[in-house]
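See structure below.
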Amino acid sequence: MAVQKKPGAGSSLRTFYIALAVVAVGGIAALGYAVLGNRGAADKPVELVGIENVRQLYELAKPEVLGDPSTPVKIVEFGDFQCPACRDFAMQVKPLLKERFFDTGKAHLVYYDFPLMEIHPHAFLAARASRCAADQGRYWEYHDLMYSRQHQWAYSRTSPVGAFTDLAKELGLDGGAFESCLKSDKHADVVTANRRLGEELRLTGTPTLIINNRRINNWSNVDALIQLIETSIGEGGA
Amino acid sequence: MSSAAPAETRVEAVSAPSPPIHRMAVALLSLVGLFISAYLLLHKLGAIGSLACGTGSCDTVQASPWAVFLGVPVPAWGVAGYGLLLAVSLVGLQPGLWGSRRVGRALVVLGAGAFGFSAYLTAIEAFVIHAWCRWCVGSAVVATLIFIFTLGELIRPGSR
């Protein structure tokens, strides 16, 4: 009687090693795609081509407006989404002003970005994120959510693209469109123009408020701030 | 006239032991877990800007204080754990070690550790952070399957 060895052992090991190699190659390819595919979310100012004067900067900056822009009193804010004082202003002072002046047609707020990337590495990206939300018509809701959740992303050692996208989804925005916007350089020129405007005005910090061309140094004294706005309204916005 | 009887040929099915299938499964699953952990670790290190998370909240989970364990990012523990499981299971698939109880015991201990740690992290997601990261859940499923397959070591006769 001749005895043959069963061929199954070597065959099953060979199949196993082929499967292992397929998983390894697929995994490495997926990781490579993930690493390379996530580059491109502009988080720094870009070169502005064809901008030669401040008027052109103003035109490119496209600030966001809260309230009726035809009201005579204009409150300009230069803010930085990663700045704690700006968060305090957005969370504690702006709601008071909104109720008292913006919703009642007495004044309006004009918001410019002044991202201080030197101390706030995510500020530029955050400003772009807010513009991506504006593309879907939800700027101010996103603005407020970004500030109220500042603690969740401001201290992240990695790029908060995902955190910003989560916030957009939380508001019910189209997450795919938002993420595509954020992972591109869209609005980088606009945010850069905002920043350069602030530099032209020689701003030294954020938030900086300008009420009818008068710079306000102590916005945290809310009573004085409200009094000042009332006075401006009384003067007819002069 | 006489004729010789035809030679009888028979396939011997019992003399050659087969490689342990459950160790193959552990090795493959460990490699999958290794890539999931590496993906999360690369994100933690800043090499990947955002995680492909669909409807989940991966960044919320990754940015939470529970994303670090004993001073080391959780995904790094995953890379180490799955890497160790992969290495031990591959060693256990070498022909001379198919029946090794020592390798089997190591796999059971590592599998139980991976399962326990994943269960802890999943509970943190569910009851503390209240957010889900699909990659973390995927890793927990992989760890659970690995643990189930390592239990095969307990019912398999071994050499020592």
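Condition check ((1) modelled with pLDDT of 95 or more; (2) crowded, with 24+ Cβ neighbours inside 10 Å; (3) in contact with a Pro (Cβ under 8 Å, 6 or more places away or on another chain); (4) not charged (D, E, K, R)) across all residues:
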site: A:ALA127; (1), (2), (3), (4): yes, yes, yes, yes
site: A:MET146; (1), (2), (3), (4): yes, yes, no, yes
site: A:PHE164; (1), (2), (3), (4): no, yes, no, yes
site: A:LEU201; (1), (2), (3), (4): no, no, no, yes
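If B:ARG101 passes every condition in (1) closer than 29 Å to A:GLN150 by Cβ; (2) at pLDDT below 90; (3) not β-branched (Val, Ile, Thr) but one, which one does it miss?
B:ARG101 satisfies every listed condition except (1).
Within the stretch B:31-51, can you find the residues that are hydroxyl-bearing (Ser, Thr, Tyr) and assigned to a helix (DSSP H, G or I)?
Within the stretch B:31-51, B:SER37, B:TYR39 qualify.
Within the stretch A:129-145, track down each residue that is more than 18 Å from A:PRO160 (Cβ to Cβ) and of a type in the set (Ser, Thr, Tyr).
A:TYR139
Table: residues versus (1) at pLDDT 90 or above; (2) under 11 Å from the mean Cα position of the chain (by Cα); (3) more than 9 Å from chain A (Cβ to nearest Cβ).
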| position | (1), (2), (3) |
| --- | --- |
| B:GLY33 | yes, yes, yes |
| B:THR60 | no, no, no |
| B:ALA67 | no, no, yes |
| B:TRP77 | yes, no, yes |
| B:LEU85 | yes, yes, yes |
| B:ARG105 | yes, no, yes |
| B:ALA140 | yes, yes, yes |
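Out of all the residues in the stretch A:174-195, which are surrounded by fewer than 21 Cβ atoms within 10 Å (Cβ to Cβ) and in a loop (DSSP other than H, G, I, E, B)?
If the condition is that a residue be surrounded by fewer than 21 Cβ atoms within 10 Å (Cβ to Cβ) and in a loop (DSSP other than H, G, I, E, B), then A:ASP174, A:LYS183, A:SER184, A:ASP185, A:LYS186 are the ones that fit.
In the stretch A:74-89, is there at least one residue being touching a helix residue (DSSP H, G or I) at 6+ places or on another chain (Cβ under 9 Å) and of a type in the set (S, T, N, Q)?
yes
Could you list, in sequence order, all residues of the stretch A:21-59 that are within 17 Å of the chain's Cα centre (by Cα) and surrounded by fewer than 17 Cβ atoms within 10 Å (Cβ to Cβ)?
Those that are within 17 Å of the chain's Cα centre (by Cα) and surrounded by fewer than 17 Cβ atoms within 10 Å (Cβ to Cβ): A:GLY40, A:LYS44, A:VAL46.
Conditions first: (1) polar (S, T, N, Q); (2) closer than 24 Å to A:LYS94 by Cα; (3) within 13 Å of chain B (Cβ to nearest Cβ). A:THR204 passes all but one, so which condition is the exception?
Against the list (1) polar (S, T, N, Q); (2) closer than 24 Å to A:LYS94 by Cα; (3) within 13 Å of chain B (Cβ to nearest Cβ), A:THR204 comes up short only on (3).
Yes or no: the stretch B:126-145 includes at least one residue that is under 13 Å from B:ALA27 (Cα atoms) and surrounded by fewer than 22 Cβ atoms within 10 Å (Cβ to Cβ).
Restricting attention to the stretch B:126-145, the residues satisfying the condition of being under 13 Å from B:ALA27 (Cα atoms) are B:142-143, B:145.
Now drop any that are not surrounded by fewer than 22 Cβ atoms within 10 Å (Cβ to Cβ), which leaves B:145.
Yes, the stretch B:126-145 contains at least one residue that is under 13 Å from B:ALA27 (Cα atoms) and surrounded by fewer than 22 Cβ atoms within 10 Å (Cβ to Cβ).
Determine, yes or no, whether A:LYS186 is more than 14 Å from chain B (Cβ to nearest Cβ), more than 15 Å from the chain's Cα centre (by Cα) and modelled with pLDDT of 90 or more.
No: the conditions fail for A:LYS186.
Restricting attention to the stretch A:220-238, which residues are under 21 Å from A:GLY105 (Cα atoms) and either among the small types (Gly, Ala, Ser) or touching a strand residue (DSSP E or B) at 6+ places or on another chain (Cβ under 8 Å) (or both)? Spell out the reasoning first.
Taking the stretch A:220-238 first, the residues under 21 Å from A:GLY105 (Cα atoms) are A:222-238.
Within the stretch A:220-238, A:ALA224, A:LEU225, A:LEU228, A:ILE229, A:SER232, A:ILE233, A:GLY234, A:GLY236, A:GLY237, A:ALA238 meet the criteria.
Right, B:SER89: touching a Gly at 6+ places or on another chain (Cβ under 6 Å) and either assigned to a helix (DSSP H, G or I) or more than 13 Å from chain A (Cβ to nearest Cβ) (or both) or not?
When the stated conditions are applied, B:SER89 does not pass them.
If B:VAL108 meets every condition in (1) β-branched (Val, Ile, Thr); (2) part of a helix (DSSP H, G or I); (3) within 30 Å of A:PRO160 (Cβ to Cβ) apart from one, which number is that one?
Every condition holds for B:VAL108 apart from (3).
Any residue at all in the stretch B:142-150 that is more than 19 Å from B:LEU41 (Cα to Cα), under 13 Å from the mean Cα position of the chain (by Cα) and not in a helix (DSSP H, G or I)?
Looking through the stretch B:142-150, none of the residues is more than 19 Å from B:LEU41 (Cα to Cα), under 13 Å from the mean Cα position of the chain (by Cα) and not in a helix (DSSP H, G or I).
Quick check on A:GLY237: is it at pLDDT 90 or above and away from chain B (no Cβ under 14 Å)?
No; evaluated as a whole, the condition is false for this residue.
Could you identify the single residue in A:LEU167, A:LEU203 that is in a helix (DSSP H, G or I), over 19 Å from A:LEU48 (Cα atoms) and not β-branched (Val, Ile, Thr)?
A:LEU167 is the lone residue from the list that is in a helix (DSSP H, G or I), over 19 Å from A:LEU48 (Cα atoms) and not β-branched (Val, Ile, Thr).
Restricting attention to the stretch B:7-30, report how many residues are at pLDDT 85 or above, surrounded by fewer than 24 Cβ atoms within 10 Å (Cβ to Cβ) and at the interface with chain A (Cβ under 7 Å from one of its Cβ atoms).
Final tally of qualifying residues: 2.
If a residue has to be free of Cβ contacts under 8 Å to residues at least 40 places away in the same chain and either at positive phi or not in a loop (DSSP other than H, G, I, E, B) (or both) to count, how many in the stretch A:102-156 make the cut?
9
The values are calculated or read from the model by the stated rules, or taken from the named source; none is laboratory data. The structure presented is a predicted model; accordingly, all values stated were derived computationally and were not measured. Don't worry about glycine lacking a Cβ; one is built from the backbone with ideal geometry, like all the others, and counts go over all protein chains shown.
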